[in-house]
Amino acid sequence: TDMARTRNQGSKWIRPAKRLAIYSRDGFACAFCSRGVEEGIFLTLDHLLACELGGSNDATNLVTCCRSCNSSKQDLTMRDWMMVLRDGGTDTTKIASRIRRTTRKPIDMEEGRRLLAARK
């Protein structure tokens, strides 16, 4: 299993192959704004339920997120984040549906390892 995440740990809290498998599952696009790597954005992972609130590093609790959305969401709960987006005029119905659909799909660790090997 992945190590527990600690503050200022950077990307070291999750194994690289698992990170890539989650990016692949999510289509290499942000779960919130749908922008993808082909648009030149930097991808990160976001915990749907923060570890501090009992969330885990399980793939069902992680989604691909662009740096901009991750910075904006910070440590807000999903409920609070969705309220912020709605207040800004975003229809969050599609976002919530996409997240539910995506996190139900299993990750393909073989694909994650293949992608990792291709980067080396």
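Observations, loosely collected:
- Matching residues, region 15-38, being part of a loop (DSSP other than H, G, I, E, B) and under 13 Å from ASP108 (Cβ atoms): ASP26, GLY27
- Test result for GLY36, at positive phi and at pLDDT below 95: no
- Within region 88-106, residues that are over 14 Å from CYS30 (Cα atoms) sit with their Cβ atoms under 9 Å from residues that are in a loop (DSSP other than H, G, I, E, B) and modelled with pLDDT of 95 or more, at 6+ positions apart or across chains, in these pairs: LYS105/ASP26.
- Among the numbered conditions (1) touching a strand residue (DSSP E or B) at 6+ places or on another chain (Cβ under 7 Å); (2) within 22 Å of SER97 (Cβ to Cβ), the only one that ARG19 does not meet is (2).
The values are calculated or read from the model by the stated rules, or taken from the named source; none is laboratory data. Note that the structure is a prediction, hence the values are computed from the model and not measured. In this analysis, Cβ positions are derived from the backbone assuming ideal geometry, glycine residues included, and neighbour counts consider all displayed protein chains.
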